[in-house]
1. D for the chain, whole µm²/s, Stokes-Einstein with Kirkwood Rh over alpha-carbon pairs at 4 °C and 1.567 mPa s: what number?
2. For residue 61 and residue 83 in one chain, what is 0.36 nm times their gap in residues minus the Cα-Cα distance, to one decimal in nm?
3. In nm, to one decimal, how far is the residue 124 label point from the residue 195 one, both placed 7 Å along Cα→Cβ?
4. At R0 = 45 Å, how high is the FRET efficiency between residue 131 and residue 211 if r is their beta carbon distance? Nearest 0.05 is fine.
5. Taking the Cα atoms only, what angle lies between the long axis of helix 2-30 and the longest principal axis of the chain, rounded to 10 degrees?
6. Label residue 90 and residue 221 with points 7 Å out from Cα along Cα→Cβ: what is the distance between them in nm?
7. From the C-alpha gyration tensor of the range 130-220, pull out the three semi-axes of the equivalent ellipsoid (sqrt of 5λ each), sorted largest to smallest, in whole Å.
8. I'd like the carbon and sulfur percentage of the solvent accessible area for the range 41-200, probe radius 1.4 Å, heavy atoms only, ligands and nucleic acids excluded.
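The values are calculated or read from the model by the stated rules, or taken from the named source; none is laboratory data. None of the values given here were measured: they were computed from a predicted structure. All Cβ positions, glycine included, derive from the backbone under ideal geometry; neighbour counts span all protein chains shown. These area figures cover heavy atoms from the full protein model, side chains too; ligands, DNA and RNA do not enter into them. Shrake-Rupley method; radii C 1.70, N 1.55, O 1.52, S 1.80 Å.
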Amino acid sequence: MQNTFTKKLISGAVISLLGTTALALSSTAMAYEKGDFLVRAGFTNVSPNDDASNIFAGGSDLGVSLTVDSNTQLGLNIAYFITDQLNIELLAATPFSHDVNFSVADPLGTGNKLGEVTHLPPSLTANYYFLDAASAFQPYIGAGLNYTIIFDEEFTGANKSAGLSNLDLDNSFGLTAQVGADYKIDDKWHLNASVRWIDIDTEASFKVGEANGSVSDIQIDPTVFTISLGYTF
Ligand code: NI
């Protein structure tokens, strides 16, 4: 009786000790640490806010604004932990192409689409991880700066035939903020999801025949969704 009780006590203690050790080992292995380097690849969707001032051409208000379509690209992202809980992350991606449409149907008799623009929105953010290191689920909040390079601005063929040319949109420099989470599959691999807001403001200029045209305030301000697979070095 006493013997069995002792055996049970010892085996129970050994099992719980093994369990605690395993947990401690796995927590240590799971935790991010200062000096860790993350690389992530996945899908990034840029969904612009539709807020722009009216199109002016030859000094008159056309009474029409713009909307910008969403686009999904390969999202790439690297991050470096400067402390156990804080990393600096660079968001990169293959170039996003967006259709730019008139805010009302076919106002110039050239179709609903005004043209296309392509952009790259590299963003640098500092992200703070606030859960304890043992958690496989690691949410974070971040803020930083964005520089959006807009290029390959082009009117549709119908708008070009109607006399529109020389479309140019300014690059944008602004703030960005995000919430995201890593789910650690093991000490090397994790799944990541994030939602980011970027303040991208630009203005457009173009020619209508010989006259100047413009859209003075285009608030692209997109919501950017990313889902990716990450690896820790
Ligand atoms: Ni804005």
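1. Taking Rh from Cα pairs, D becomes 63 µm²/s.
2. So the extension gain works out to 2.6 nm.
3. Result for the modelled spin labels: 2.8 nm.
4. Computed FRET efficiency for residue 131 and residue 211: 0.20.
5. The helix 2-30 is inclined about 30 degrees to the chain.
6. That separation, rounded to one decimal, is 2.9 nm.
7. They are 44, 14, 8 Å, listed largest first.
8. On the way: 4490 of 7390 Å².
Within the range 41-200, the accessible surface is 61 percent carbon and sulfur.
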